[in-house]
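Undergrad: Sending over a structure as structure tokens; questions will come in a sec.
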Amino acid sequence: MKEKELHGKLSLSRRRFLKVCASAAAALGLGSEAVPKIAEAVTSPKRPPVIWLHFMECTGCSESLLRADSPDLATLILDLVSLDYHETLMAAAGHQAEKSLMDSVEANAGKFVLVVEGAVCTGDGGVYCKVAGKTNLETLEEIAPKAGAIIAVGTCATFGGIQAAAPNPTGAVGVRDVIKNKPVVNIAGCPPSPNNFLSTVLYYLTYGRLPALDELGRPKFAYGRKIHDHCERRPHFDEGRFVESFGDEGHKAGYCLYKVGCKGPATFANCPVQRFCDVNWPVGAGHGCIGCTEPGFWDRMSPFYEHLPDVRIPAGDGIYVEAEKIGKWAVAGAAAALAGHAALGVGKKVLDSRKCSSDSGKED
Amino acid sequence: MGANASGYYVRVPVWSVALRLYHWTFALSCITLILTGLYINYPPISTWAEFMPSFSMATMRTWHFAAAFFFMSALAVRFYLYLFGNRYEKIQDCTPVSVRNIKSLFHAIMFYLYMLKEHEARPGHNVLAGTFYCFVVFISLLMIVSGLYLMYPETGWIQSMGNAIFGSQQMARFIHYAMTWFFIFFTMIHVYLCIWNDIFGSEGIISGIFSGRKMLPADAVAKDGTIETE
Ligand code: SF4
């Protein structure tokens, strides 16, 4: 790695550059011996390009990447790793852009890193989302088999996101639901922490393989533990000190947000550790976790300020009630039924005994 | 009453020590699990008093987990008894799998609806109760699976199993909680019907779950001929 070459491409001193590599290594849980390897891989002239596809999404994940906590880390990817195609960031447009996409795919077949942002539309043949006259489904099915590695960024690309929420009119699904014969790394989150994405890319560039993944395809270094297990409010949780409503004394005192709907106990992510922009994260700022890294989170994690999802009553279309209410009504109903049953029994016993005494009077 | 013209009752050993132990372990752990579970789901009191440590949520969770292990052990015993217990504890004795048992099922329903006066002289569970208990055992399994998944979400096979059954932690949490109400519901009905049976039947079933013996009409026992008495 020549320093001059580095300086030409990147506004980073070598010292800062190594610092960035070290922070990436730390995020991945790797030791300091990995730092020179990462540095070498990133600056190697043979490093593969990154191709970034936008499907049904809000570009929030790209935005989050552009605001990555250490701008250096993002610069690393954006400047140094060649980002051959990114609809939001590239200069090219129209046919020129599409041509450069296909050129890069062909030239780097089997090597490039394919990043997908946004859900894949599968409803009605995928007609609801087209780029350059091609449906997302076609584009993905064409490019994915040629990729060296596939990374799905954000909740939409991983689990379908908001457009996959019931009733999912466009048939939105995650990349994994379409590309079944290739491993897909899921960087879940709405948006995900950019560091998790960048670290995954660096890992792949360095070792030529994907990091260890959990069952849902999320890298274990970032999604191995629940939010709740590393949350700074956890001691308040154990102590039984809860915020009752936003803005109350408990809230001001920094108590646990469990009772105002925090989904930390059901959500896997490293937000408490790898904070957004190294500054803060939702729970740190006083809002409960909404569980955005979990599958189907728009359906399952809402209402965001309740502990558990509501239940849809089959009879009343669109009527949602809390499970709690159903349970209480069922128990109250049963109690009433039992009381009725007991009253009936007592009444019958009284009647029977009257009948008995009169009967026995006759018999004797 | 009619079927017991002689008016004598005999004491019949029905429930083994293992079954009685199972019953009480299950019952006490259920009560602990329901109470601590309701607290964990929605802690009604916030201990804002910071001058005194309470550690309430952590304590409730500890009790909940401890009770859960008793619950699981109890259930394991019940499964063993379903297969290898005495003739009244076996699964085929208390589920509607034979003509005699189907008759018993309807008999119990009619009896509970005050449509029959006669209590069925039967050493084991009546089939209505037995079938319902099977259902409870099944729901208990669901509780165990969802509970383990919530408690050990990072453990390999538990994670795979939970993901396959529930899809996400939140779903497991929801089912785990919703089923709590089933156990409250069941406990209520069970306790009520036991008291009711103790009043309207002659078996003395409440003392039976302590002593393991039931009082059965001598005539019915003599007619059956296979029931061992004391
Ligand atoms: S704020 Fe949320 S994640 Fe933190 S301890 Fe409370 S419930 Fe858990």
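Undergrad: Within 10 Å of each Cβ in B:169-179, how many Cβ atoms from other chains are there, averaged over the peptide? Write out the running numbers ahead of the final one.
TA: Numbers: counts 11, 15, 7, 1, 7, 8, 2, 1, 5, 6, 2.
Mean inter-chain Cβ contacts per residue within 10 Å come to 6.
Undergrad: Ranking A:GLU141, A:GLU215 by Cβ neighbours within 10 Å, fewest first, what do you get?
TA: Working: A:GLU141 14, A:GLU215 11.
So the ranking, lowest neighbour count to highest, is A:GLU215, A:GLU141.
Undergrad: Using unit Cβ charges (K, R positive; D, E negative) and no other charged atoms, how large, in debye to the nearest 20, is the dipole of chain A about its Cα centre?
TA: Working: 40 positive and 41 negative charges, 160 e Å.
Charge dipole, chain A, about its Cα centre: 760 debye, nearest 20.
Undergrad: Taking 45 Å as R0, compute the FRET efficiency from the Cβ-Cβ separation of B:SER98 and B:GLU154 and round it to 0.05. Don't jump to the answer; show the numbers that get you there.
TA: Values: r = 46 Å, r/R0 = 1.03.
Given R0 = 45 Å and the Cβ-Cβ separation, E is 0.45.
Undergrad: Also, quick follow-up: For the protein assembly as shown, what's the radius of gyration and Dmax over Cα atoms, in angstrom?
TA: For the protein assembly as shown, the Cα radius of gyration and maximum Cα-Cα distance read 32.3, 122 Å.
Undergrad: While we're looking at this one, here's another question. Please go through the residue pairs A:LYS37/A:LYS220; B:LYS90/B:LYS117; A:LYS182/A:LYS226; A:LYS259/A:LYS328; A:LYS46/A:LYS99; A:LYS349/B:LYS90 and name each one whose alpha carbons sit more than 30 Å apart in this structure. Walk me through the numbers on the way to the answer.
TA: Details: A:LYS37/A:LYS220 21 Å; B:LYS90/B:LYS117 28 Å; A:LYS182/A:LYS226 27 Å; A:LYS259/A:LYS328 19 Å; A:LYS46/A:LYS99 22 Å; A:LYS349/B:LYS90 35 Å.
Table pairs above 30 Å Cα-Cα are A:LYS349/B:LYS90.
Undergrad: In chain A, which helices (entire DSSP H runs) extend 30 Å or more along their own long axis, judged by Cα positions, while averaging at least -0.5 on the Kyte-Doolittle scale? Don't jump to the answer; show the numbers that get you there.
TA: Details: long enough: A:323-363 (58 Å, -0.06).
Both cut-offs are met by A:323-363.
Undergrad: Can you give the mean number of other chain Cβ atoms that lie within 10 Å of the Cβ atoms in peptide B:154-163? Please list the in-between numbers first.
TA: Details: counts 7, 0, 1, 0, 0, 3, 1, 0, 1, 4.
Taking all residues of B:154-163 together, the mean is 2.
Undergrad: Moving on to the next point. Along the Cα→Cβ direction, 7 angstrom out, place labels at B:TYR80 and A:ASP103. What is the inter-label distance in nm?
TA: Going from the B:TYR80 label point to the A:ASP103 one covers 7.4 nm.
Undergrad: When only C-alpha pairs under 8 Å and at least 6 residues apart count, what is the relative contact order of segment A:104-235, in percent? Could you put the intermediate results ahead of the total?
TA: On the way: 217 pairs, mean separation 29.5, N = 132.
Dividing the mean separation by the residue count of segment A:104-235 yields 22 percent.
Undergrad: Anyone know which of A:LEU216, A:LEU351, A:LEU140 comes out most mobile in the 10 Å Cα GNM of chain A?
TA: Comparing A:LEU216, A:LEU351, A:LEU140 in the GNM, the peak value goes to A:LEU351.
Undergrad: On to the next question. Describe numerically, in nm with one decimal, the distance between label points set 7 Å from Cα along Cα→Cβ at A:ALA337 and at B:SER207.
TA: 3.2 nm
Undergrad: Provide the FRET efficiency to the nearest 0.05 for the A:ILE326-B:LYS117 pair, computing r from the beta carbons and using R0 = 41 Å. Kindly include the intermediate steps, with their values, before the conclusion.
TA: Numbers: r = 37 Å, r/R0 = 0.90.
The computed FRET efficiency comes out at 0.65.
Undergrad: Ok, one more. Would you work out which of B:SER16, B:ILE184, B:SER146 lies farthest towards the positive end of the dipole of chain B, given +1 charges on the beta-carbon of Lys and Arg and -1 on that of Asp and Glu, about the Cα centre?
TA: After comparing all options, I get B:SER16.
Undergrad: To continue, here is another question. Please compute the average number of Cβ atoms from other chains found within 10 Å of each residue's Cβ in peptide A:228-240.
TA: Numbers: counts 2, 2, 0, 0, 0, 0, 2, 2, 4, 4, 9, 10, 14.
If you average over the peptide's residues, the count of other-chain Cβ atoms is 4.
Undergrad: If you don't mind, there's one more thing I want to ask. Could you line up B:PHE132, A:PHE197, B:PHE210, A:PHE55 from fewest to most neighbouring Cβ atoms inside 10 Å?
TA: Fewest to most other Cβ atoms nearby, the residues stand as B:PHE210, B:PHE132, A:PHE55, A:PHE197.
Undergrad: Points 7 angstrom from Cα along the Cβ direction at B:VAL137 and A:LEU351: gap in nanometres?
TA: 3.8 nm
Undergrad: Tally the DSSP beta bridges in chain A and give the antiparallel ones as a percent, rounded to 5. Numbers along the way, then the final one.
TA: Details: 11 of 29 bridges.
If we restrict to bridges inside chain A, about 40 percent are antiparallel.
A short reminder: the numbers here are calculations on the coordinates, not readings from a lab. These numbers come from a predicted model, not from an experiment. Cβ sites come from the backbone with ideal geometry, for glycine too, and all protein chains shown count toward neighbours.
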